[in-house]
Each structure stands twice: as structure tokens, then as C-alpha cells.
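Below: the structure, in C-alpha cells.
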Amino acid sequence: MKLTRLMSVLLLGAACGTAFAQSCAPKVSAEHLVAPGKLQMSINPTLPPQQFVDEKGELQGLNVELGRAIAQKMCLEPVFLRMDMPPMIPALQAGRFDMINTGMFWTEERSKLLFMIPYAQQALSVYTVPTSSFKITKFEDLAGHVVGIETGTYQERKSREFSAEMVAKGLKPVDFRTFATASETTAALRAGQLEAGINIDETATVFAERGLAKVWISGLNGTDITVGYRDKAVATAAAAALTELKAEGTYDKLFDKFKMTRLKDVTSFAIRGPGPAAK
């Protein structure tokens with residue numbers, strides 16, 4: 001599917017953005033931004049409580065409110081572009097927007113493609129429908145079973161690595177079926193097309209609270225998640241904004257509100273990794 005078909009632009013906070021421009025000067029100059037005075041962010045609103053669409057069709061979640069707060073500190077208008085995860089890094093590199101705001105897991109490989117700032121932690125959960133008789137006490141129990149997972153994600157990568165390790169031990173591989181979103185995975189699970197699903201802890205917990213899933217394992221392979229930028233000056237300004245939000249208490253309030261896992265023992269934020277090589 002072409003990128004133009006995946007992406008739909010949702011302009012939020014336009015009135016606030018005008019107020020920012022009137023009350024303070026942008027922390028980064030126009031040549032570092034896709035559009036002057038705007039912080040354009042890609043987001044895939046399919047992972048509650050991190051990012052999702054409410055019953056009114058409006059964006060909600062930790063990353064939405066944190067993105068707005070970062071933009072406000074940078075004196076920029078927040079603009080959210082809704083799209084699927086797989087094309088985000090190529091689109092960022094192509095200059096379609098300034099920031100990926102979708103909770104990317106940090107990896108060394110990714111840190112060479114964009115400027116990544118860790119801001120939270122996540123781990124993986126394995127779940128079934130609540131009525132399932134399939135009991136799962138360890139990842140190896142998935143050997144030979146049909147499991148749904150989001151395509152192009154860190155959780156897919158790590159799960160396939162776990163499966164490969166199982167095969168090396170003489171177990172059957174996991175029969176993975178990939179989907180574009182967490183909601184599609186859960187729908188397929190409820191339709192009987194899958195035996196289990198894998199996603200981040202917080203999303204699996206939300207599905208369980210809604211009566212859609214039973215979580216059997218959680219906390220697998222916990223690691224940092226990040227926001228990512230194409231331009232180092234923008235990333236540096238965003239890290240300073242996050243540090244301000246932490247100091248004033250906004251960061252902690254948002255994580256408490258959405259029951260997400262914050263970084264531990266952190267008072268300041270910074271780019272981790274080398275970022276793209278200078279051209």
C-alpha cells in the first residue's frame with residue numbers, strides 16, 4: 001500500500017499553536033523543520049493507552065499528550081499524522097514529518113537511522129481470549145501454535161528471535177501470523193484464527209480490562225522506548241523540552257494518568273546513539 005494511502009493528516013491544537021507562536025519564539029529555526037512553526041509527528045493510534053482513537057474519533061493517550069507538551073515547550077504547533085508503523089522510518093528519512101511519536105523500541109540499528117530519545121519502558125505480553133483452554137506459562141509453550149503479532153515491530157523481531165532459539169533447542173517454531181495493528185490481531189484471535197497474541201504489556205492489559213483477552217505472561221524483554229527525529233537540532237530541543245516536563249512534574253503526571261512505565265532514575269533526557277551519518 002502506498003504511503004499516501006496510509007497517511008491521513010489530523011491537525012490538532014491549531015488554536016494553541018497560534019498562541020505558542022504569539023507568546024514565544026520557536027526553539028528551532030525553520031530550516032530544521034518540515035514546515036515553519038510546526039512540529040509534525042507520525043503516530044499509529046492503535047495501542048491503548050499509549051495512543052488510540054476515542055469514541056469521538058479524537059486522538060488520545062500518553063504519546064498524544066506528551067507530544068503536545070513537547071511541542072508547547074518548543075513553541076511549535078503540534079501536528080499529528082496518522083499512519084501505520086512499517087513506513088514511518090522511511091517517511092521520516094524522506095522528510096515527510098519531523099518526529100516519530102509511536103513508542104519505538106530502542107535498537108542499535110535504529111539509532112543509526114534517526115535521532116532517538118528514550119522516554120519510557122515497555123515489555124511484551126502473551127495473551128489469549130478469556131475462554132481459551134490454552135495455558136501458557138513460558139514463551140516455549142507457544143512452540144507449534146498459531147500466534148498473531150503486529151508486523152514490522154520490535155515485538156515481532158524479538159518474538160521471532162525467541163522462536164529461533166526454541167528451534168535451536170529442538171522445539172517447533174511458532175507459527176506467526178502478522179497484522180497491521182493490535183486491534184486486528186485481537187479481532188483475529190476472537191474469530192478463532194489464532195491461538196494467542198503478543199503485544200506490549202500496557203496494550204494487553206487494556207484488552208484484558210475490556211474483557212477481550214487473558215494475559216498469561218508479561219514483562220518479557222523489557223527495554224526502552226523512544227521518540228525519533230530526522231534532525232539533530234529538533235531532537236536536541238525536544239530532549240530539553242522533556243527535561244523541563246520532568247522537572248515541573250508534567251512527565252510524571254502523564255505517566256500516572258495513563259498507567260505507563262516511566263524511565264527509572266532519570267532527571268534529564270538525551271539522544272541515545274549516533275544518529276544518521278552526516279551527508
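Results, tabulated for the structure shown:
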item	result
Residue match in the range 131-138 (condition: under 17 Å from ASN199 (Cβ atoms), at pLDDT 95 or above, out of contact with any Ser or Thr (no Cβ under 7 Å at 6 or more places or on another chain) and aromatic (Phe, Trp, Tyr))	no
Single residue of the range 241-269 satisfying the filter (part of a loop (DSSP other than H, G, I, E, B) and within 18 Å of the chain's Cα centre (by Cα)) that is farthest from PRO90 (Cα to Cα)	LYS259
Members of the range 259-273 found to be touching a strand residue (DSSP E or B) at 6+ places or on another chain (Cβ under 9 Å) and of a type outside the set (Val, Ile, Thr), listed by number	MET260, ARG262, LEU263, LYS264, PHE269, ALA270, ARG272, GLY273
Complete set of residues in the range 46-72 that are among the small types (Gly, Ala, Ser) and either farther than 18 Å from ARG262 by Cα or in a helix (DSSP H, G or I) (or both)	GLY57, GLY67, ALA69, ALA71
Selected residue (only one of LEU212, LEU220 is of a type outside the set (S, T, N, Q) and over 20 Å from the mean Cα position of the chain (by Cα))	LEU212
Some residue of the range 188-204 being within 21 Å of SER133 (Cα to Cα) and free of Cβ contacts under 8 Å to residues at least 12 places away in the same chain	yes
Residue selected from the range 71-124 under the condition surrounded by fewer than 24 Cβ atoms within 10 Å (Cβ to Cβ) and small (Gly, Ala, Ser), by the criterion nearest to the chain's Cα centre (by Cα)	ALA120
Which listed residue is of a type in the set (D, E, K, R), at pLDDT 95 or above, out of contact with any Gly (no Cβ under 8 Å at 6 or more places or on another chain) and surrounded by 14 or more Cβ atoms within 10 Å (Cβ to Cβ), from GLU65, GLU31, GLU58	GLU65
Some residue of the range 129-142 being part of a strand (DSSP E or B) and either crowded, with 17+ Cβ neighbours inside 10 Å or of a type in the set (D, E, K, R) (or both)	no
Conditions (1) more than 18 Å from the chain's Cα centre (by Cα); (2) assigned by TED's automatic domain parsing to the domain that holds ILE43; (3) crowded, with 21+ Cβ neighbours inside 10 Å; number of the one not met by ALA238	(1)
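The values are calculated or read from the model by the stated rules, or taken from the named source; none is laboratory data. In this text the structure is predicted, and so the values were computed from the model without any measurement. Here the Cβ is made from the backbone with ideal geometry for all residues, glycine too, and neighbour counts use every protein chain on show.
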